[in-house]
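Below is one structure; the comments refer to it alone.
The values are calculated or read from the model by the stated rules, or taken from the named source; none is laboratory data. All values derive from a computational prediction rather than experimental measurement. Every residue, glycine among them, receives a Cβ derived from its backbone with ideal geometry; neighbour counts consider all protein chains shown. Surface accessibility is based on the protein's heavy atoms, side chains included, excluding ligands, DNA and RNA. Shrake-Rupley method; radii C 1.70, N 1.55, O 1.52, S 1.80 Å.
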Amino acid sequence: MSNNPKAVQVSGNALDPFRAALTKAQGHFRLALPATVARYLTPERLTKITLSAISRNPILLQCTPESVLRAVMDSAALGLEPTGGALGHAYLVPYRNNKTGRWEAQLIVGYRGY
């Protein structure tokens, strides 16, 4: 049980498309990560952090996996963890695309990430 009262239980099945897309993209993450952070921010860690962020924000589950991958790739290129929360380096934020009506994830860099 989570200490966060806003936390929502997310079934593993809902995360499956994101887990598959992130796992498939780990080679690309490895190439995108700057050498200065590659020691502690591995593609595997980036995948776990992203899945955790998605499970904490149920609207991200409605986003396209492609948009989540794009946001995580931006995060990897900057060497930032898209956790939000206490670190505040970067956030995965869902936005509704007015043209398509679909939810898409975008990376927002926090002031600590600058």
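Just give me the residues in segment 79-114 being in contact (Cβ under 8 Å) with a residue 40 or more places away in the chain, closer than 25 Å to residue 35 by Cβ and either open to solvent by 20 Å² or more (accessible area, probe 1.4 Å) or assigned to a strand (DSSP E or B) (or both), in sequence order. Scanning segment 79-114 gives a single hit, 92.
Among the residues making up segment 18-40, those that are assigned to a loop (DSSP other than H, G, I, E, B) and either of a type in the set (Lys, Arg) or open to solvent by less than 20 Å² (accessible area, probe 1.4 Å) (or both) are 25, 33, 37, 39.
For segment 74-100, the tally of residues that are in contact with a helix residue (DSSP H, G or I) (Cβ under 7 Å, 6 or more places away or on another chain) and at positive phi stands at 1. Using the structure shown, decide if residue 104 is out of contact with any Leu (no Cβ under 7 Å at 6 or more places or on another chain), at negative phi and among the acidic types (Asp, Glu). Yes.
Exactly one residue among 44, 66 is within 13 Å of residue 106 (Cα to Cα) and either under 11 Å from the mean Cα position of the chain (by Cα) or open to solvent by 50 Å² or more (accessible area, probe 1.4 Å) (or both), and that residue is 66. For residue 54, the conditions (1) touching a Leu at 6+ places or on another chain (Cβ under 6 Å); (2) under 22 Å from residue 13 (Cβ atoms); (3) surrounded by fewer than 20 Cβ atoms within 10 Å (Cβ to Cβ) all hold with the exception of (3). Restrict the check to segment 71-86 and report whether at least one residue is among the β-branched types (Val, Ile, Thr) and modelled with pLDDT of 85 or more. Looking through segment 71-86, at least one residue is among the β-branched types (Val, Ile, Thr) and modelled with pLDDT of 85 or more.
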